[in-house]
Amino acid sequence: MAPHIPTHTLNDGHDIPALGFGTYPLKDDEAVDAVYSALQTGYRLIDSAVNYGNEISVGKGIRKYLEESGTAREDITIQTKLPGRHHDYKAAINSAQESFDKLQLGTIDVLLIHWPNPITNKFRDAWRALVELQKRDVVRTIGVSNFTAEHLDLIIDDTGVTPAINQIELHPNFNQEEMRAAHRERGIQTQSWSPLGKRQAPYSAAPVTAAAEAHGVTPAQVILRWQVQLGNIPMPKSATPSRQAENLDVFGFELTGTEMGAINTLTRPDGRLFDGDPNTHEEM
Ligand SMILES: NC(=O)c1ccc[n+]([C@@H]2O[C@H](COP(=O)([O-])OP(=O)(O)OC[C@H]3O[C@@H](n4cnc5c(N)ncnc54)[C@H](OP(=O)(O)O)[C@@H]3O)[C@@H](O)[C@H]2O)c1
């Protein structure tokens, strides 16, 4: 039986699963198969993006699962992201319509602005477009990704609409304490990308191995449980069905305060995976 996944209630009143499935860099049949298998395992939140080039395949995997399982469409949350080259107001409206057409799932449950690209400096136009897309019911929930507190305040001041979600780089080597506090103050849900730490995942770090041994779980499960207990929504990616199941099975044990604190000591100011500082990184 698929595990029960708790939910968070977003600032727009919609519920979202407390853990999701990442799909980058899956493409074509690999993406269809991975999404289908993730849904069979019990995932109910799927993360895509225009720039992953996989919206058609992700939509196909979801529709295949819906048809075969009889699961209701509203039980699955599909999330995609607007690329930097589509930040002009009209381009953003058209881009969302293209995502809608590619996914073929009806209303897009969640649309995020992928990166702020503050040098290009058009993210405020893009946010106005997302507010309009929500009014038109093309998109249900609107949010952002890789925004700093300053970027958040600019778009909130412009429109009076606070993003429901900010998806940011967050793993034990970079725990984003300040951004998590900024989100709490503004009522924004934190999502974590590269939640395990990808190729730098600290599977053999002492605080992780000690907790894994104490709870009889794997290091990856410890890291994802740490994410969940911080209140973040982690979005682990795995093309491997056994790992997909392992990564979802993190709701049956609890880390102690001491274990949480020990994992938090792994964070470093230079702990980003690459030079992905949202103030300087531009992604079109
Ligand atoms: N908003 C953004 O700018 C942004 C940026 C980056 C990523 N993302 C999103 O975040 C998602 C996740 O990030 P990510 O893929 O970079 O990093 P991640 O989920 O931390 O790590 C994925 C890697 O870990 C491996 N893995 C997964 N589960 C494992 C386990 N239990 N034990 C050992 N290894 C395991 C996977 O290999 P296998 O697949 O071979 O199992 C894959 O190589 C992406 O897919 C994407 O949806 C968003």
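Summary table
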read-out: Estimated 222 nm signal from helices in the chain, with DSSP H stretches of n ≥ 4 weighted -39500 (n - 2.57), rounded to 500; value: -12500 deg cm²/dmol
read-out: Förster radius 25 Å - calculated FRET efficiency between residue 135 and residue 98 (Cβ-Cβ, nearest 0.05); value: 0.85
read-out: Amide H contacts under 5 Å for residue 113, placed H, 5+ residues apart; value: 82, 143, 144, 145
read-out: Peptide ranges 217-230, 150-163 listed from the most packed, as the mean C-beta count within 10 angstrom indicates; value: 217-230, 150-163
read-out: Angstrom value of the Kirkwood radius, inverse mean 1/r, which spans all Cα pairs in the chain; value: 19.0 Å
read-out: Choice from 38, 72, 206 showing the highest fluctuation, given a GNM over the chain with Cα pairs closer than 10 Å; value: 72
read-out: Residue with peak Gaussian network fluctuation, the chain [Cα springs, cutoff 10 Å], from 68, 169, 132; value: 68
read-out: Sequence of 237, 60, 90 when ordered by accessible area, the most exposed leading, probe 1.4 angstrom; value: 90, 60, 237
read-out: Distance between modelled label sites at residue 121 and residue 184, nm, 7 Å Cα→Cβ extension; value: 3.4 nm
read-out: Of all DSSP beta bridges in the chain, antiparallel share, percent nearest 5; value: 15 percent
read-out: Lysine pairs meeting the criterion (Cα under 17 Å, 8 or more apart or interchain), as found in the chain; value: 14
read-out: For the stretch 7-264: relative contact order, % (alpha-carbon pairs under 8 angstrom, 6 or more apart); value: 18 percent
read-out: Computed lengthening from residue 74 to residue 90, 0.36 nm per intervening residue step minus Cα-Cα distance; value: 2.9 nm
read-out: Carbon + sulfur, % of accessible area of the stretch 7-264 - ligands and nucleic acids excluded, 1.4 Å; value: 46 percent
read-out: Where labels lie 7 Å past Cα in the beta-carbon direction, separation of residue 272 and residue 12 in nm; value: 2.8 nm
read-out: Residues residue 251 and residue 198, FRET efficiency given R0 of 25 Å [Cβ-Cβ distance, rounded to 0.05]; value: 0.65
read-out: Residue-normalised accessible area of the stretch 7-264, expressed per residue, 1.4 Å probe, Å²; value: 39 Å²
read-out: Of 102, 135, 27, the one that fluctuates the most in a GNM where the chain has Cα springs shorter than 10 Å; value: 135
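The values are calculated or read from the model by the stated rules, or taken from the named source; none is laboratory data. Predicted model, so just to flag it, every value in this text is computed and none were measured. Note: ideal-geometry Cβ built from the backbone for every residue, glycine included; neighbour counts use all protein chains shown. With ligands, DNA and RNA removed, areas are computed over all heavy atoms of the protein, side chains included. Shrake-Rupley method; radii C 1.70, N 1.55, O 1.52, S 1.80 Å.
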